[in-house]
Amino acid sequence: MPLTHMPTDMNSIPAPEGLPLVEMRGLKTHFFTDDGIVKAVEGVDLDVYSNRTLCILGESGCGKSIMARSILRIVDNPGRITAGCIVYRAADGQTIDLAKARPGSKELREVRGQDISMIFQEPMSSLGPITKIGKQIVETILLHRDMNKAEAKEAAIELLDRVGIPKPAERFEAYPFELSGGMRQRAMIAMALSCQPRLLIADEPTTALDVTTQAQILDLIAELKEEFQMGVMLITHDLGVVAEVAEDVAVMYMGKVVEKGDVYSIFENPQHPYTRALLQSVPRIGAEKRSRLPAIRGMVPHPLARPSGCTFRTRCDSFMPGICDQRQPALKPKGDSEVACFLHSEEVSHD
């Protein structure tokens, strides 16, 4: 399946080493509204490793951002984690279940921002609009690192320079509205990296940026990952970005992981009909001029009207009546990936 951004070196990604930084098992995050329960995240199992990038792929509304926010326990009301665990493994080997940590507790505050940081999709909604960029970074450093104000300021200026902001000492005194979109995103990265986190969560960090700045931001994250041996969770719907930076990929649909594996397995041999449909919708080199791109029919169902059985069945060309509408498929190994689809189930006859 020749894609514009197809990964090339099939032997460049070794298997993950050691224990995961973060293990999610059976994670469920629901929103309790007046109209009903919105099951934004519905039983997610994922692992994130040091010095590896896990890309979370899927259409808007599939639960990617809520899953990531659940790790840091920053899901807005009326949402809350209702089941599952999020086990974080600290540098000393100690573990903490972030899903069960008391909101506002010391152990959660020490992890959030220090060990696990997040770059949000829109920096203007995350940066304080009336506080200078430098002061916001300094406050983060003072909160988590043993430095005085002068040392924190020096560290903040070094970070701004490190992420490619020109004249960092001058930009230290700038307000967010005085910076371009790309520079604001770089400032967000500097803030996220100010405590040298072990896991960086990036929620579509390049969506609103031009392609040149987008490439620079992605290169910067990859470079810093190697330098600090960070784990990276990158949330995106851009398959070109996935092919460029990922070692591991998880495809989400309506709050569930429908397929996961290493990037080459997902691109070379996708197993789930949803993953195949996403890949087929990417422009291809050599395609006929004026030819229409394949599109996934239908829309993501309303979260309060989830289909019975497999949630993708209403849009799936391989739908099997009496099977896909009766039960939810579980993730099971298939080749080098894991897939949740009855097409690959030994329980289902394909005669």
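Give the range of the longest stretch in the chain that excludes all GluC sites (Glu not before Pro) found in loop regions by DSSP and having at most 13 other beta-carbon atoms within 10 Å. Provide the component values of the computation, followed by the final result.
Numbers: sites that count: Glu17, Glu173, Glu288, Glu346, Glu347.
Segment 18-172 is the longest.
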I'd like to know which of Leu278, Thr206, Thr131 lies farthest towards the positive end of the charge dipole of the chain, counting +1 on Cβ of Lys and Arg and -1 on Cβ of Asp and Glu.
Thr131
Where labels lie 7 Å past Cα in the beta-carbon direction, separation of Phe319 and Glu227 in nm:
5.1 nm
Which of (i) 0.96; (ii) 1.34; (iii) 0.98 is the computed Rg/Rh (Cα atoms, Kirkwood Rh)? It is (iii)
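Where the only charges are on Cβ atoms (+1 Lys, Arg; -1 Asp, Glu), what is the dipole of the chain about its Cα centre, to the nearest 20 debye? Present the calculation step by step, with values, prior to reporting the outcome.
Working: 40 positive and 47 negative charges, 196 e Å.
I would put it at about 940 debye.
Within the range 44-121, report the trypsin sites (Lys or Arg not before Pro) that DSSP leaves as loop and that have at most 15 other Cβ atoms within 10 Å.
Numbers: sites: Arg52, Lys64, Arg69, Arg73, Arg80, Arg89, Lys100, Lys106, Arg109, Arg112; in loops: Arg52, Arg73, Lys100.
Loop-located and lightly packed - Lys100.
Set the bar at 28 Å for Cα to Cα. Now go through Lys64/Lys132; Lys28/Lys106; Lys100/Lys334; Lys167/Lys225; Lys100/Lys256; Lys225/Lys334 and name every pair that lies beyond it.
On the way: Lys64/Lys132 30 Å; Lys28/Lys106 24 Å; Lys100/Lys334 32 Å; Lys167/Lys225 24 Å; Lys100/Lys256 21 Å; Lys225/Lys334 30 Å.
Violating the 28 Å limit, Cα to Cα: Lys64/Lys132; Lys100/Lys334; Lys225/Lys334.
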Measure off 7 Å from each Cα along the Cα-to-Cβ vector at Glu154 and Ile13, then give the distance between these two points in nanometres to one decimal.
4.1 nm
Which percent of the accessible area of the chain is formed by carbon and sulfur heavy atoms (probe 1.4 angstrom)?
49 percent
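Can you tell me the length gained on complete extension of the stretch Asp161 to Lys135, counting 0.36 nm per residue apart and subtracting the Cα distance?
Details: separation 26, 0.36 × 26 = 9.36 nm, distance 1.54 nm.
Between Asp161 and Lys135, full extension yields an extra 7.8 nm.
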Sort Tyr175, Tyr264 by heavy-atom solvent-accessible area, probe 1.4 angstrom, most to least.
Tyr175, Tyr264
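Can you tell me what share of the DSSP beta bridges in the chain is antiparallel? A percent to the nearest 5 is fine.
On the way: 33 of 52 bridges.
Restricted to the chain, the bridges split so that about 65 percent are antiparallel.
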Any chance you could check the Cα centroid distance between the range 133-162 and the range 188-254 for me, in angstrom?
22 Å
For the chain, what is the accessible area per residue in Å² when the probe is 1.4 Å?
49 Å²
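The values are calculated or read from the model by the stated rules, or taken from the named source; none is laboratory data. This structure is a prediction, so every number in the text was calculated from the model and none was measured. Positions of Cβ are generated from backbone atoms using ideal geometry, with glycine treated the same way; all protein chains shown enter the neighbour counts. To get the accessible areas, we keep the full protein, side chains included, count just its heavy atoms, and leave off ligands, DNA and RNA. Shrake-Rupley method; radii C 1.70, N 1.55, O 1.52, S 1.80 Å.
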